[in-house]
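Read through the structure below, which is laid out as structure tokens, and then see the notes.
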Amino acid sequence: MLGDQYASEDRPWSYPPANQGARPNVVRLRTIVSRFVAEQHAIVTSGSHVSEYAWDRYQDAAVYHLFYEFNTDWYNLVVASPGISSGEVYRRFAGEFNRILHVGGRPTQHTPEHLFACLYQVARAFNAIHHSIVGQAPCMMRLRAAVWESIFTHDMRRYRQELFDKMADIATLILGESGTGKERVAQAIAKSQYLPYDAGAGRFGPAQNVFLTTALSALSPHLIESELFGHVRGAFTGAIQDRKGRLELCSPYGALFLDEIGDADAQIQVKLLRVLQYRTFERVGEAVTRRFAGKIIAATNRNLPTLMRDGKFRQDFYFRLCSDVITTPSLRQQFTEVPEDVINLVDFITAGFVRDIQRRGLLTADVLEWIDRHRDYDWPGNFRELEQCVKNILVRRDYDPPQPPTSGSAEDALLRIRLGRMTERELLSFYTSLMYVQSGSYEAAATRLGVNWRTVKSRVNRDAKGRGNK
């Protein structure tokens, strides 16, 4: 729409909601849209003939106009600024809505309450996505776009008219290496769900329990079943009272995040398949059928096609999960595309530890100095490892990354295994070190291996000492 008037921007990925109007392209686009709305409004109110097509385009432009007309209000509502009232904002919004859309006796696409809820959702989504997914590398831009479409689909008009209350029926599957921010993506989606607005009560739909999470590899199948579906008193030994599960606790306007879905037991897969297919479940030990009203978001770093080939992951379960698939890029890919992204990421992490801008800058500088000295490091633990690097430098002003086994040591290990010259202790230490390097942390490796994190640390240190003595 801007054509030759479009101006390139240094940080097109960033989102400053409070001063969005200061960005040159937004200012120009708002000017064009506002002029169009004013011109078409004059035509409609004059009684001149307006085709259905022209009326639809006018309504689309009016929606854009309303969003940016109340841009500061959306931002204040999202961050819950003191003194801001959704009721007061809605009264002003409804007045402008009626002025520009209730004209000429023509029907509108939306009620003011519904459009108010939709535009508030857009502001929440902008805020959640751009504060969770940082970077200007093309892979990160694609990731933000994929998350946006998971929330709204690619057709905003159709979403507002028909899909706003149906997206919970579509599961989202997030794939990617360990430590690439799959949970952050899930949170951004969950916290951006549609909340209906009640003009009479002056509030949005209930927003509690909008993001519940369960790691499916952290507990036994029996405990996971109780955790997800709940149980009734006497259902099993230790069930001394009724208990609601995550499915029951999840808000109709929220999401349940099933982390490490690739490690789900076959029995759990069958039960979750029914939830995805029929939106129903029962508590353990109870015959009462209950309805799940939220959205399912699942994630894994496992290779699901391989698991299906090996009979460890049900195909029918996969095909219920794959309606909407997002893949999170590795830190290596991000830094390869735009090396400068490391500055944005480090500053993003340090902001969570140090509030004072000057002291935060010093910490960021220390981290960037370490990274500059280790330019060839490929960050096997991805974003999670970068966080650990920042914490290490915050505490000790240094970071000692895990030392991956070299190709020579790996070949040596395979040869020794084939010749039967590796002890059980050496084999465990070597394999645990591989898992540690791939996972990026003792805790993540422990989850994959099914042992305590202290065991992982002990084996990794033992392997490092062993390699150091060779």
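Every number in this text was worked out from the coordinates using simple rules, so none of it is lab data. Small disclaimer: the values here were computed from a predicted structure and weren't measured. Don't worry about glycine lacking a Cβ; one is built from the backbone with ideal geometry, like all the others, and counts go over all protein chains shown.
Local charge sum around Ala235 (other residues, Cβ-Cβ under 12 Å, Lys/Arg +1, Asp/Glu -1)?
Neighbourhood net charge equals -1.
At 0.36 nm per residue, and after removing the present C-alpha to C-alpha distance, how many nm does the segment from Asn25 to His102 gain when stretched out fully?
Extending this stretch completely gives an extra 24.8 nm.
5 Å is the cut-off here: which amide hydrogens, built 1.01 Å from N in the peptide plane, fall below it relative to Thr213, excluding neighbours closer than 5 in sequence?
Correct list: Phe257.
Treat the range 274-377 as a sphere of radius equal to its Kirkwood radius over Cα pairs and apply Stokes-Einstein at 10 °C in a medium of 1.306 mPa s; give the translational diffusion coefficient in µm²/s, rounded to a whole number.
The diffusion coefficient I find is 86 µm²/s.
Report, in degrees rounded to the nearest 10, the 0 to 90 angle that the Cα long axis of helix 453-469 makes with the longest principal axis of the chain.
With both axes taken from Cα atoms, the answer is about 50 degrees.
Work out, step by step, the length gained on full extension between Glu39 and Leu163: first 0.36 nm times the residue separation, then minus their alpha carbon distance; give nm to one decimal.
41.6 nm
Sum -39500 (n - 2.57) across every DSSP H segment of at least 4 residues in the chain, then divide by the residue count to get the 222 nm mean residue ellipticity, nearest 500.
My calculation for the chain gives -16500 deg cm²/dmol from helical runs alone.
Once phi is turned into θ = phi - 60°, what whole-Hz ³J(HN,Hα) does the Karplus curve with 6.51, -1.76 and 1.60 give for every residue of the range 232-240, x standing for Gly and Pro?
Working through the residues one at a time gives 10, 4, x, 5, 7, 4, x, 7, 8 Hz.
If I stretch the segment between Asp372 and Thr423 completely, what's the gain in nm (0.36 nm per residue apart, minus their alpha carbon distance), one decimal?
The span from Asp372 to Thr423 would gain 14.4 nm if fully extended.
Can you check what the net charge comes to around Val89, using other residues whose Cβ is under 13 Å from the Cβ of Val89 (Lys, Arg +1; Asp, Glu -1)?
So the environment of Val89 carries a net charge of -2.
For Thr327, what residues show an amide H to amide H distance below 5 Å, using hydrogens built from the backbone and excluding near sequence neighbours?
It is Leu175, by chain and number.
Using Cα atoms only, what is the angle between the long axis of helix 138-152 and the major principal axis of the chain, expressed in degrees (0 to 90) to the nearest 10?
Long axis of 138-152 versus the principal axis of the chain: about 60 degrees.
Step by step: find N for the range 334-396, compute 2.2 N^0.38 Å, then divide the Cα radius of gyration by it. What's the final number?
Rounded to two decimals, the normalised Rg is 1.04.
Let me understand the chain better: what is its radius of gyration from the alpha carbons, and its Dmax, in angstrom?
Rg, Dmax (Cα atoms, Å): 26.3, 92.
Could you give the nm distance between label points at Lys391 and Gln315, where each point is 7 Å from its Cα heading toward the beta carbon?
About 4.2 nm, to one decimal.
Could you check the simple spin-label distance between Leu223 and Ser323, using points 7 Å along Cα→Cβ, in nm with one decimal?
3.2 nm
What is the angle, in °, between the Cα long axis of helix 382-396 and the longest principal axis of the Cα atoms in the chain? Nearest 10 is fine, range 0 to 90.
70 degrees
For Phe313, which sequence-distant residues (separation of 5 or more, or a different chain) have an amide H within less than 5 Å of its own amide H, given hydrogens modelled in the peptide plane?
Placed amide hydrogens put Met308 under 5 Å from Phe313.
Using a basic spin-label model with each label point 7 Å from the Cα along Cα→Cβ, how many nm lie between Met156 and Leu415?
About 6.2 nm separates the two model spin labels.
Could you work out the percent of alpha carbon pairs in the range 132-237 separated by over 23 Å, rounded to a whole number?
Pairs farther apart than 23 Å: 47 percent.
For a distance above 22 Å, tell me the whole-number percent of Cα pairs in the range 221-339 that qualify.
42 percent
Quick one: of the DSSP bridges fully inside the range 182-327, what percent are antiparallel, nearest 5?
Roughly 35 percent of the DSSP beta bridges within the range 182-327 come out antiparallel.
If you plug each phi of the range 343-350 into the Karplus form 6.51 cos²θ - 1.76 cosθ + 1.60 with θ = phi - 60°, what whole-Hz ³J(HN,Hα) values come out, in order, with x for Gly and Pro?
Rounded to whole hertz, the list is 5, 4, 5, 4, 5, 4, 6, 5.
What are the ³J(HN,Hα) couplings of the range 32-46, residue after residue, when phi is run through the Karplus curve with 6.51, -1.76, 1.60 and θ = phi - 60°? Round to Hz, x for glycine and proline.
Couplings: 4, 5, 4, 5, 5, 4, 5, 5, 5, 4, 5, 5, 5, 6, 7 Hz.
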